[in-house]
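Following: one structure in structure tokens, then a few remarks.
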Amino acid sequence: MSASATDTFDLIFAGGGTTACICAGRLAAADPSLRILLLEAGPHTRNLQTHIQPARYFRNLAVNETLTYQIGNPSKALNGRAPIVPTGRCVGGGSAVNFQMYTRASPSDYDDWEKFGNPGWSSKDLIPLANKAENYQVNDSPKHGHSGPLKISVGGLPTNIDADYLKVASAYDKDRSLLDDVADFGEINGYGKWHKYIDKDTGKRSDVAHHYIYNQDSTNENLVVKDRCRVVRVIFEGNRAVGVEYVDDASNRNNADKDQKDQKDIQISRAMAEKCVIVSGGAFGSPAILERSGIGSKNFLQKLDVPVLVDLPGVGENYQDHNLVFTGFYAHEKAHTMDDIFRGTDDVVKPHLDQWLQSGTGLMAHNGIDVGIKLRPIAQKEFAELGEEFKKTWEGVYANAPDKPVAWTGVINAYAGVDDNDYKAGKRYISGAYYLCYPVSIGHVHIRDGQNPYMPLEFEAGFLDEPADLASLRWSYKHSRELVRRMAHYRGEIPSGHPKFPEGSAAAARGECDGPEPIEAEDIVYTEEDDRAIDDFHRDVVNTTWHSLGTCAMKPREQNGVVDSSLNVYGVQNLKVADMSIAPSNVGANTYNTAIVIGERAALILAGELGIKSV
């Protein structure tokens, strides 16, 4: 590889995702004299309709340049499948491509982080930062922020699905109630409306690129964003980080099969940092950058002929996610669903687009996720259903933390399956949805090549390796199914979207029908054979929730930690990691809000070190 001339900055962010945009944007606004470089492997998202129009997110999940598709090792626990985890690859990262669900962590999640020896990372420290970032447009609740840049609303249309679901939940589930606010850092285990990162006034997605970075385009020339620039490694003088090497991603990203001889022909650019390098490549990118820089397990790096700078075995370990499942149901023709936008032709989408362009309202200003619950067992029958294999997990994770849910479950107002043969244009669908909030199973992420930044990573997702996770999913499936089959808009079950129950089973998917089950109908009774079918179904279909974290954990070094409470990488100077990879343990929520909190906290940490008084 050959090198070009270098540029010099005060701060360099190696990655341009959610946390990096927030941290860089806050610091740039507080001190416009700071020379800040943000390097992002993906493209800009500035005013792109496919990103700022909320309902377009589903189509973005298909192969395109704003996502990287991390392919895991084939897994026996997944019946031989190789899991695929998409991650944001654009300015704004996951905030520009995610489902826009407004879901905040449990306070005990952050208190757990502090217990790892991380002062300043407890719920009392981080909840104010969550509020600082947001403009909660639903009401004037003091449990939320109202002057921050990121907008939260109910979306562009009150659908008939949310009222239907909540009516059934209230009548069917006598052990739980409805909550006015499911995201107030307070009570869980109640059903409620799920709000969205969508501006109620414009109907646009509320992402970090537009609200922390692009809004400074005309006012701050010292905030430099270079898109399509992939960081290879950090440059050191001794043990002090002084810059980064990066390549032109636009010309090189399709060259993953280049051999080492060809790699020598790739032009390397350098950028130097006088104050700090902040690695912000996410749960996959950040450990890869560190390992290519010589920071990681000594034994592992030596096998790849990478010169070892710091022996830090925790790099790339502790990979965590949330395990997601969609189930399929037919819906009444009058149901407000997203099917036309998610899967329709341009002619079908046009009326929704026109409404959005005119007023910022309608289904285009929606994500199709109206309602749900952070679910936790209460009744003895639920604990019995979860069984002995869950008991140890309950005692270790949940028993002393009443704000921790086992799963999030709700509905998506659309067909979310992968079998296009089950989708018929013009019909309406509902998908049951649930994900585990604290899976027991843990994986890892490592580089395969010390030089090639395009070599696929060695990725072990760990999904369902532990039986307790199967038990939690099984319980979630049954709970979700009982609610949906009682909804007024229910018109039957899509057989391929449910387990393959044994011949003659009372639990078999019923296919299309004329209407729902009565509220007072008996619950479906499952046999042991039925339960095995459910487990096998989950092994076949369980997937990522796009919530990867933990691979550069903020823990003590002797506990396989990678960074300290000030986000400094152990063993070197002037190098930090700031993204979801620093999470030492999981959070019971969609991770966008936590990435925001980390960004705000990282900005405060850097501001303190740089002598900036107000951020």
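The values are calculated or read from the model by the stated rules, or taken from the named source; none is laboratory data. No experiment lies behind these values; they were computed from the predicted model shown. Don't worry about glycine lacking a Cβ; one is built from the backbone with ideal geometry, like all the others, and counts go over all protein chains shown.
Odds and ends about this structure:
- Scanning the stretch 437-483 for residues that are closer than 20 Å to S581 by Cα, buried (at least 24 other Cβ atoms within 10 Å of the Cβ) and among the hydrophobic types (A, V, I, L, M, F, W, C) yields C437, V445, I447, A461, F463.
- Search result, residues across the stretch 576-593 that are under 13 Å from W113 (Cβ atoms) and surrounded by fewer than 24 Cβ atoms within 10 Å (Cβ to Cβ): S585
- Candidate set: the stretch 184-200, residues that are acidic (D, E) and out of contact with any His (no Cβ under 8 Å at 6 or more places or on another chain); chosen: the one nearest to H479 (Cα to Cα): E187
- Checking the stretch 338-361 against the condition returns no match, with no residue being surrounded by 19 or more Cβ atoms within 10 Å (Cβ to Cβ), of a type in the set (A, V, I, L, M, F, W, C) and under 30 Å from A468 (Cβ atoms).
- Candidate set from the stretch 62-106 (those that are part of a strand (DSSP E or B) and of a type outside the set (V, I, T)); member that is nearest to D370 (Cα to Cα): M101
- Residue within the stretch 503-516 that is without any contact (Cβ under 8 Å) to a residue 24 or more places away in the chain, part of a helix (DSSP H, G or I) and not hydrophobic (A, V, I, L, M, F, W, C) present: no
- Extreme residue, farthest from the chain's Cα centre (by Cα), among residues of the stretch 389-422 that are modelled with pLDDT under 95 and among the aliphatic types (A, V, I, L, M): V418
- Exactly one residue out of N568, N560, N593 is within 21 Å of V308 (Cα to Cα), in contact (Cβ under 8 Å) with a residue 12 or more places away in the chain and of a type outside the set (G, A, S), and it is N560.
- Just one residue in the set D465, D449 is in a loop (DSSP other than H, G, I, E, B) and modelled with pLDDT under 95; that residue is D449.
- Of all residue pairs spaced 6 or more apart or on separate chains, those with beta-carbon atoms under 6 Å, a first member in the stretch 278-289 that is at positive phi and a second member that is of a type outside the set (K, R) and assigned to a loop (DSSP other than H, G, I, E, B) are G282/G17; G282/D579.
- Answer from S505, S496 - the residue that is more than 23 Å from Y172 (Cα to Cα), surrounded by 13 or more Cβ atoms within 10 Å (Cβ to Cβ) and within 30 Å of the chain's Cα centre (by Cα): S496
- K404 without any contact (Cβ under 8 Å) to a residue 12 or more places away in the chain, of a type in the set (K, R) and out of contact with any Asp or Glu (no Cβ under 6 Å at 6 or more places or on another chain): no
- The set of residues in the stretch 107-117 that are in contact (Cβ under 8 Å) with a residue 12 or more places away in the chain and outside any loop (DSSP other than H, G, I, E, B) comprises P107, S108, D109, Y110, D111, D112, W113.
- Considering residues of the stretch 46-85 that are small (G, A, S), touching a residue at least 12 places away in the same chain (Cβ under 8 Å) and out of contact with any strand residue (DSSP E or B) (no Cβ under 9 Å at 6 or more places or on another chain) only, the residue farthest from N413 (Cα to Cα): A77
- Criterion: in a helix (DSSP H, G or I), closer than 30 Å to A433 by Cα, of a type outside the set (K, R) and touching a residue at least 40 places away in the same chain (Cβ under 8 Å) - qualifying residue of G599, G588: G599
- Consider the stretch 535-562 and keep the residues that are of a type outside the set (S, T, Y) and part of a strand (DSSP E or B). The one that is nearest to G387 (Cα to Cα) is N543.
- Here the stretch 195-209 is the region considered, the condition is being crowded, with 23+ Cβ neighbours inside 10 Å and not charged (D, E, K, R), and the residue that is farthest from N139 (Cα to Cα) is A209.
- Given (1) farther than 30 Å from A241 by Cβ; (2) touching a strand residue (DSSP E or B) at 6+ places or on another chain (Cβ under 8 Å), index of the condition D354 fails: (2)
- Looking only at the stretch 94-131, and only at residues there that are over 18 Å from the mean Cα position of the chain (by Cα) and of a type in the set (S, T, Y), the one that is surrounded by the fewest Cβ atoms within 10 Å (Cβ to Cβ): S122
- Members of the stretch 348-378 that are in a loop (DSSP other than H, G, I, E, B) and in contact with a helix residue (DSSP H, G or I) (Cβ under 9 Å, 6 or more places away or on another chain): T361, G362, H366, N367, G368, D370, R376, P377
- K392 touching a Cys at 6+ places or on another chain (Cβ under 8 Å) and more than 30 Å from A62 (Cα to Cα): no
- Test: residue in the stretch 563-584 that is within 23 Å of the chain's Cα centre (by Cα), under 30 Å from G80 (Cβ atoms), modelled with pLDDT of 95 or more and in a helix (DSSP H, G or I): yes
- Residue that is nearest to N135 (Cα to Cα) [pool: residues in the stretch 175-209 that are part of a loop (DSSP other than H, G, I, E, B) and among the basic types (K, R)]: K200
- Scanning the stretch 210-231 for residues that are hydrophobic (A, V, I, L, M, F, W, C) and assigned to a strand (DSSP E or B), we see that the one that is surrounded by the most Cβ atoms within 10 Å (Cβ to Cβ) is V231.
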